[in-house]
Amino acid sequence: MQKEDLDYFREWFFEYVNRFFSSDSFIRENIELKIEHTRRVCENILLIAKSEKISEKECILAETIALFHDLGRFEQFTKYNTFNDSESENHAVLGVKILNKEGILTRLPGNEIRLILKAVEYHNLMEIPGDVALSDKLHFFCRLIRDADKIDILRLASEGYAEEEKCRNPALELYLPDTKGYSEPMVSEILNNRMARIEDMKNRNDIKLLRLSWIFDLNFPVTFTLLKEYGYLESIISSLPESKETEVLKKHLEKYLDTIESEARSFS
Ligand SMILES: [Fe+2]
């Protein structure tokens, strides 16, 4: 694909999201939030892609995946008023359906269309499927979009907690209650260096743990560097309630990040 294809997709994307303009301020706020998220994920994916020294053409492909990765979010929120896939529908699969229905990718060769659709479909899975044979190329682009997406969700989360009392967006908190403590499986997954599961979340503290547990599913050294530079993890950690359990989690996460950092240093 060429730069002109990406320009065409960008233009189409903004026309498409305009269809979801709403006079309801809550819907509008959340649609705008996803437009801004898409813009930032496009920036992030380029930062990561460039650190991997891939070709110009592959950077264009990466940016296209970022542009379309959350396409399903706009219809999802307008229709169901939620970003919770289990209470509505899988937004990644919905995005693929929309791309097919709109026929937007048909100007590209078949192999690029398949790669974009699969990277969109797999971007929100707990893990990249291991049971299907993925080409190295598709696997690489899946890892790119998953890191780029996570960086920006961590930004949104950390900004949200910084302004917590001023402007809470219940949709971003998946409408979970603001109760005390954590759900046990969330804590134990983190202490075992594993990504926590959405279905184990019971309250707003658990969402913070879910986001923090994503550090166990990051793929590129530059993603850690960017997160450190932006301070997103620190600000989410500092928004956790004061408790003995929080102290244990905090120490564990900090130790893990230190290990990653020293590993990265020894390789460079
Ligand atoms: Fe997504």
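The values are calculated or read from the model by the stated rules, or taken from the named source; none is laboratory data. Please read all numbers here as calculations on a predicted model, not as lab measurements. Neighbour counts run over all protein chains shown; Cβ positions are idealised from the backbone, glycine included. Just the protein is used for accessible areas: all its heavy atoms, side chains included, with ligands, DNA and RNA removed. Shrake-Rupley method; radii C 1.70, N 1.55, O 1.52, S 1.80 Å.
In the stretch 99-133, what residues are within 16 Å of the ligand (Cβ to nearest atom), surrounded by fewer than 17 Cβ atoms within 10 Å (Cβ to Cβ) and either of a type outside the set (D, E, K, R) or in a helix (DSSP H, G or I) (or both)?
Let us first name the residues in the stretch 99-133 that are within 16 Å of the ligand (Cβ to nearest atom), namely 99, 116-128.
Restricting the remaining residues to those that are surrounded by fewer than 17 Cβ atoms within 10 Å (Cβ to Cβ) gives 125-127.
If the condition is that a residue be within 16 Å of the ligand (Cβ to nearest atom), surrounded by fewer than 17 Cβ atoms within 10 Å (Cβ to Cβ) and either of a type outside the set (D, E, K, R) or in a helix (DSSP H, G or I) (or both), then Leu125, Met126 are the ones that fit.
Taking the stated definitions as given, is Val41 within 20 Å of the chain's Cα centre (by Cα) and more than 19 Å from Asp147 (Cα to Cα)?
On the way: within 20 Å of the chain's Cα centre (by Cα): yes; more than 19 Å from Asp147 (Cα to Cα): no.
Taking the combined requirement at face value, the residue does not satisfy it.
Report yes if Arg73 is assigned to a helix (DSSP H, G or I) and within 13 Å of the ligand (Cβ to nearest atom), otherwise no. Can you show your working first?
Details: assigned to a helix (DSSP H, G or I): yes; within 13 Å of the ligand (Cβ to nearest atom): yes.
Yes; evaluated as a whole, the condition is true for this residue.
So which helices (runs of 4 or more DSSP H) are wholly in the stretch 1-69 and hold at least 3 residues that are of a type in the set (Val, Ile, Thr) and open to solvent by less than 20 Å² (accessible area, probe 1.4 Å)? Before you say what the answer is, go through the steps one by one.
Values: elements: 3-18, 25-51, 56-68.
Qualifying helices (runs of 4 or more DSSP H): 25-51, 56-68.
Could you tell me which numbered condition Lys50 fails, if it satisfies all but one of (1) free of Cβ contacts under 8 Å to residues at least 12 places away in the same chain; (2) within 15 Å of the ligand (Cβ to nearest atom)?
Failing condition for Lys50: (2).
Being surrounded by fewer than 17 Cβ atoms within 10 Å (Cβ to Cβ), within 17 Å of His91 (Cα to Cα) and of a type in the set (D, E, K, R): is that true of Glu199 here?
Details: surrounded by fewer than 17 Cβ atoms within 10 Å (Cβ to Cβ): yes; within 17 Å of His91 (Cα to Cα): yes; of a type in the set (D, E, K, R): yes.
Considered against the rule, which asks whether it is surrounded by fewer than 17 Cβ atoms within 10 Å (Cβ to Cβ), within 17 Å of His91 (Cα to Cα) and of a type in the set (D, E, K, R), Glu199 comes out as yes.
Of the residues Phe83, Phe74, which is open to solvent by less than 10 Å² (accessible area, probe 1.4 Å) and touching a residue at least 40 places away in the same chain (Cβ under 8 Å)?
Values: Phe83 fails: open to solvent by less than 10 Å² (accessible area, probe 1.4 Å).
Residue meeting the stated conditions: Phe74.
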